[in-house]
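The values are calculated or read from the model by the stated rules, or taken from the named source; none is laboratory data. Please read these numbers as outputs of a predicted model, since none were measured by experiment. Here the Cβ is made from the backbone with ideal geometry for all residues, glycine too, and neighbour counts use every protein chain on show. All accessible areas refer to the heavy atoms of the entire protein, side chains included, with ligands and DNA or RNA removed. Shrake-Rupley method; radii C 1.70, N 1.55, O 1.52, S 1.80 Å.
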Amino acid sequence: MHNRWQQTTRLLLMENVLLVLIVLVVLQHFSPIKWSWHLVGCLVGAWLVLAVIEGLIAWRQQSERQRTIDRMEAKLRQMSSQQFPPHILLPQSDPLYSLAQAVNQLESYQKNQTRRAELQEKELMMIMRYLPVGVMVIDHRRQVQLSNPAMSELLQVSVNTVAHIYTKDIQLYALTKLIEDTIASGKNQRATITLTPAPNTQVVEASTVYIQGNRSQFQIVLMLYDITEVYMIEQMQDDFVSNASHELKTPITAISGFTETLLGGAKDDPATLDQFLHIIADESQRLIDLIQDVLSLSRIRAQNTTMLTVVPLAVRPLIEQELAVVQQAIERQHLTINNQVDADLTITSDSQKLSQIIKNLLTNAIKYNRPHGSVTIATMVGQQTWSLIVKDTGIGISADDQQRIFERFYRASPSRSQQLVSGTGLGLAIVQELVNAMHGTIDVVSQRGVGTTMTVTLPLVASGSTK
């Protein structure tokens with residue numbers, strides 16, 4: 001700035017001295033007056049003073065202009081680092097006014113764009129945080145740039161927010177192969193992958209999206225959608241069809257086979273005829289029981305379970321009524337029944353649904369018991385709930401089977417060809433549906449060769465329509 005002032009002052013002095021010399025020459029040539037050197041010196045001094053004043057004025061203007069330019073330069077540097085200083089205000093007469101206005105407008109635009117980007121980033125992070133789908137962004141260096149909580153939950157790892165190689169979080173071969181195939185082919189991929197095997201099965205639908213950037217740079221968005229429930233439902237549907245087909249096929253095949261045998265001439269033997277007819281009757285009853293159980297499940301699902309027909313009920317008489325129905329089975333097994341339910345226990349519940357629960361639990365406790373065993377029925381009362389406990393000394397249920405005994409048609413037995421007792425395999429499935437409809441829970445404790453304890457916990461006062 002000082003050099004510029006010196007240059008400006010020097011130019012002004014030279015201009016003024018040159019102008020003085022020119023004036024003196026002209027006056028000396030055309031004027032008859034003889035100019036004294038004293039007068040010439042005064043004129044030169046006056047012109048020099050005038051030149052200095054002009055230089056000072058020019059220097060001040062130049063200094064102010066340079067300060068404005070320096071402010072603009074500093075402002076642009078700050079803007080490049082996402083800092084936004086106050087606007088530069090100049091009078092409209094200033095030569096740099098238009099430039100200052102342009103810089104101010106650029107700053108306002110950049111500030112608005114930055115705020116909009118920050119808002120969009122916050123919205124994106126909020127969506128990512130609560131998105132039920134696991135999302136991970138991997139760059140061309142195979143480093144994780146972004147990951148949401150759902151991804152950490154599915155992978156069962158804590159994903160570091162600092163960029164790192166994705167294999168630190170993803171070590172499952174099927175998933176890493178999907179990512180590497182996406183990188184190699186540059187195309188989106190999709191696959192169904194089992195993250196966790198049985199018994200705690202977890203299945204996800206994994207999708208990758210390949211996003212091409214500049215030159216060799218790219219990004220891969222990995223998305224994991226938990227389809228465990230859908231997968232389990234599909235497996236249960238397949239098992240249901242398979243099991244239902246088998247359960248229907250067995251009695252129908254028996255009825256058809258014995259009927260053909262009778263028609264082939266066995267009916268002429270009275271003893272064989274009587275034996276075969278009893279078998280046909282038993283298998284027919286088995287079909288009827290199966291159909292009734294399936295219809296019961298359908299009715300439970302179809303009914304509006306939020307509205308129960310609840311009435312005050314004495315629990316012990318209800319249990320004694322169901323014990324009377326299965327009395328023949330009890331005598332056939334020579335079982336001892338220990339009914340420990342308090343005669344004064346009264347609850348508010350749905351009579352029909354509770355009767356079905358008791359019937360199925362007692363039937364299982366008798367059917368899967370050992371000869372000369374025992375069945376104990378007891379209750380426990382809490383502040384807001386009560387529990388019905390049915391304990392037997394039967395064959396018991398293995399730990400693996402306990403995970404599936406409430407599935408339709410499932411029975412805890414080595415194989416269908418070695419079933420210890422007959423049945424439809426729907427009893428406990430019906431119990432669970434009824435318990436769910438009554439807003440309760442059911443628990444099982446069992447040991448092979450020792451016995452099984454079923455505990456149903458229900459509200460003391462059930463919610464629903466009261467008669």
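For this structure, a couple of remarks:
- Theoretical FRET efficiency, 1/(1+(r/R0)^6), r = Cβ-Cβ of Glu118 and Ala343, R0 56 Å, to 0.05: 0.20
- Bridging of Lys249 to lysines at a Cα separation below 28 Å is possible for Lys267, Lys359, Lys367, once same-chain residues fewer than 8 apart are set aside.
- In this simple spin-label model, placing a label point 7 Å from the Cα along the Cα-to-Cβ direction at both His87 and Ser245 gives a separation of 7.9 nm.
- Label separation (Leu96 vs Gln78): 1.5 nm, computed from points 7 Å beyond Cα along the C-beta direction.
- Probing with 1.4 Å while keeping every protein chain in the model, the per residue accessible area of region 346-408 equals 45 Å².
- Its residue count N fixes a reference of 2.2 N^0.38 Å for region 177-217, and the Cα radius of gyration divided by that reference is 1.51.
- Multiplying the residue separation of Gln219 and Val461 by 0.36 nm and removing their Cα-Cα distance gives an extension gain of 81.3 nm.
- Contact order relative to length of region 102-159, as percent, for alpha carbon pairs under 8 angstrom and 6 or more apart: 23 percent
- Label-point separation in nm, Thr253 to Arg190, each point 7 Å along Cα→Cβ: 4.0 nm
- Length gained on full extension, Gln292 to Gln145: 47.1 nm, using 0.36 nm per residue less the C-alpha separation.
- Packing-based ranking, highest mean first, of 90-101, 441-452 given that Cβ atoms within 10 Å are counted: 441-452, 90-101
- The lysines whose alpha-carbon is closer than 21 Å to the alpha-carbon of Lys187, local same-chain residues fewer than 8 away aside, are Lys177.
- Estimated at 0.36 nm per residue, the fully extended path between Asp181 and Gln285 surpasses their Cα-Cα distance by 31.7 nm.
- In the frame of its principal axes, region 87-181 has Cα extents of 72, 27, 20 Å, reported largest first.
- Most to least packed among 122-131, 358-367 [average Cβ atoms within 10 Å]: 358-367, 122-131
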